[in-house]
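> Pasting a structure here, questions to come.
The values are calculated or read from the model by the stated rules, or taken from the named source; none is laboratory data. In this text, all values refer to a predicted model and were calculated from it rather than measured experimentally. Backbone-built Cβ (ideal geometry, glycine too); neighbour counts: all protein chains shown.
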Amino acid sequence: MDRFERVNTQVLGISVDSKDSLKAWAESLGGVTYPLLSDFWPHGAVAQKFGVLRSEGYSERAIFIIDRAGVIYYVDVHDIDDQPDNEVLFRELAALEGVPVPQEIVAAPVQPAQPSEPVAGLDVTMYCTDWCPACRRARAYLKNNHIDFKEINIARDRQAAAEVRVWTGGYESTPIFKVNGTVVVNFDVEKLNKLLGIEG
């Protein structure tokens with residue numbers, strides 16, 4: 001999203017897969033919005049230099065933030081099914097650039113608000129992915145506030161992914177919400193509380 005642009009950051013994806021494999025994977029997702037790099041030959045040479053090549057020949061799932069001088073500023077190595085909270089990365093990037101942290105990521109993780117009288121006729125859809133930490137928080141927020149909602153996984157529903165790219169300016173960012181036709185980009189609790197009739 002534009003928060004990456006605000007801190008003048010280039011996102012790159014790299015794996016030990018071949019170029020053909022990466023191309024096929026990107027096409028299966030309907031395209032990706034950042035460059036993909038192949039560390040296929042010499043196999044895993046880059047992953048090995050970064051200390052994340054496994055003996056089995058594949059790399060750990062890891063995130064590195066590298067400054068303009070080539071110094072590794074931040075490292076996170078995690079399980080294949082997990083991903084750090086995006087807000088953590090935004091904070092690190094903002095600190096590296098010496099810019100103010102955007103207000104929407106300053107606040108601590110949101111606790112569920114107390115529901116007021118439910119709004120009649122709510123039609124709520126959440127667009128998400130399996131690996132999105134903010135999606136998990138948003139799901140809990142909706143359930144704890146007794147909001148009925150439909151959930152669409154954009155990694156599986158590519159038509160929905162295309163809709164998300166329109167709303168976000170070309171990015172497959174999640175979670176995205178549609179409440180009675182109104183689109184809310186990211187887990188913006190203040191906006192959602194107003195649309196859902198929840199007292200914060």
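> Give just the number: which of (1) in a strand (DSSP E or B); (2) without any contact (Cβ under 8 Å) to a residue 40 or more places away in the chain does Leu142 not satisfy?
(1)
> Something else now. Determine which single condition Glu117 fails, assuming it passes every other condition in (1) at pLDDT 90 or above; (2) farther than 30 Å from Asn8 by Cα; (3) not hydroxyl-bearing (Ser, Thr, Tyr).
So Glu117 meets the others, but not (1).
> Please go through region 31-52 and give me each residue that is modelled with pLDDT of 90 or more and either polar (S, T, N, Q) or in a strand (DSSP E or B) (or both), ordered by number.
Leu36, Leu37, Ser38, Gln48
> Determine whether Ser21 is at pLDDT 85 or above, farther than 29 Å from Val184 by Cα, out of contact with any Leu (no Cβ under 6 Å at 6 or more places or on another chain) and not in a loop (DSSP other than H, G, I, E, B).
Here the answer is yes, as Ser21 does meet what is asked.
> For region 135-151, give me each residue that is at pLDDT below 90 and in contact with a Ser or Thr (Cβ under 7 Å, 6 or more places away or on another chain).
Hit for region 135-151 is Cys135, nothing else.
> Next question, about the same structure. Out of the residues in region 53-102 that are surrounded by 13 or more Cβ atoms within 10 Å (Cβ to Cβ) and in a loop (DSSP other than H, G, I, E, B), which is modelled with the lowest pLDDT?
Checking each candidate, the answer is Pro102.
> Where residues in region 152-164 are in contact (Cβ under 8 Å) with a residue 12 or more places away in the chain and in a helix (DSSP H, G or I), which of them is surrounded by the most Cβ atoms within 10 Å (Cβ to Cβ)?
Val164
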